[in-house]
Structures are given as C-alpha cells and as structure tokens.
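To start, the structure under review is shown below, and the notes come after it.
The values are calculated or read from the model by the stated rules, or taken from the named source; none is laboratory data. Not measured: the values here are computed from a predicted model. Methodologically, a virtual Cβ is constructed for each residue, glycine included, from the backbone with ideal geometry; neighbour enumeration extends over all protein chains shown. These area figures cover heavy atoms from the full protein model, side chains too; ligands, DNA and RNA do not enter into them. Shrake-Rupley method; radii C 1.70, N 1.55, O 1.52, S 1.80 Å.
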Amino acid sequence: MRHGKKVNHLGRQTAHRKAMLANMACSLIEHKRINTTVAKAKALKQFVEPMITKSKVDTTHNRRIVMANLRQKDAVAELFRDVAAKIADRPGGYTRIIKLGNRLGDNADMAMIELVDYNEIYNAGKKEKKTTRRSKRGGSKPATPPVATQASNEEE
C-alpha cells in the first residue's frame, strides 16, 4: 500500500534529489522552459511553484527561504525581479507540462515544462477578457423606432 506517500523519490537519495530539483528549478527560471522526463517534470512542478508564489511578496524572509531551496543567487534575483513581476496577477498554476513522446535511447516519457506567462505562442491568440455588467432584471429590450419620427414621416 502507498498510503500517504506523496514524494516521488525518482530513484535517488534525499540529498541528490534535492540538489537535482534545485538545479532544474534554476534552469527553468533562467531559460523559461526545459525538457526532461515526465516524472521529473511533475516533481519539479511541486518544487518550484511554492517558490514562485513566495516571490510575489519581496521580503527578506521570502528571499532567504527561496535561497535556501534554490542555492543560486542569480536565479533568486531573476525570480524576484523578472518572473514575479510577470506573474503578479496569476493566482497559481505558473508552470505547464507538455508531453513530447518517448526518448530514443531508453524510451523514457519526455516532457517540456515551461513557465506559463513566457510562452508567446499560447498567449498570442488569447485576448484580455472584458467584464460586462448586466442587469439582474432580464437584459436589453428590442429596439423600436421612436413614435415621433413615424408621425413626421406620415405627414410628409
């Protein structure tokens, strides 16, 4: 039974797994998209999304927490400076996993993980939704011509 076992160990010991995820997260922040296996992409998504959420509020405490996990000063600086500004209004779901097929050498399931707001191809077709306010009573009435114009047309 696998009750309560949330962490995919990825065939590695704890220190190796944490170092690998930190390096992959730094690469994702730097390049905005990386190719990896599906299992690693899912583990990376769980690892990096809480840190992106923390980067929305730029405090010393949040920077130290993220620095403890990422371990690279340049990646932390770019996360808090560039990425946080771009995803400021997004309530979650900062990454997207796209499956690519199988790798030639060992037939492993491959995937591309990317930051959602940095993909211009997906975001180009979508327009900003305009919110409209509608009446609770029912809506618009059908347009009828004014009576005064009809009477003036009959007199002529």
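Quick notes on this structure:
- Cβ-Cβ under 8 Å pairs, at least 6 apart or on other chains, region 36-50 side more than 8 Å from Ala111 (Cβ to Cβ), far side in a helix (DSSP H, G or I) and among the polar types (S, T, N, Q): Phe47/Asn69
- Where a residue in region 88-110 is closer than 15 Å to Ile34 by Cα and its partner, wherever it lies, is in a loop (DSSP other than H, G, I, E, B) and open to solvent by 90 Å² or more (accessible area, probe 1.4 Å), with Cβ under 9 Å and at least six apart: Asp109/Arg103; Met110/Arg103
- Close pairs (6 angstrom Cβ cut-off, 6 or more residues apart or separate chains): under 19 Å from Val48 (Cα atoms) in region 1-19, of a type in the set (Lys, Arg) anywhere: Leu10/Arg17
- Selected residue [among the basic types (Lys, Arg), open to solvent by 70 Å² or more (accessible area, probe 1.4 Å) and out of contact with any Cys (no Cβ under 6 Å at 6 or more places or on another chain)] from Arg33, Arg90: Arg33
- Comparison of Val48, Val76 shows that the only residue that is under 14 Å from the mean Cα position of the chain (by Cα), among the aliphatic types (A, V, I, L, M) and surrounded by 13 or more Cβ atoms within 10 Å (Cβ to Cβ) is Val48.
- Single unsatisfied condition, Thr59 versus (1) at pLDDT 95 or above; (2) under 22 Å from Cys26 (Cα atoms); (3) open to solvent by 70 Å² or more (accessible area, probe 1.4 Å): (3)
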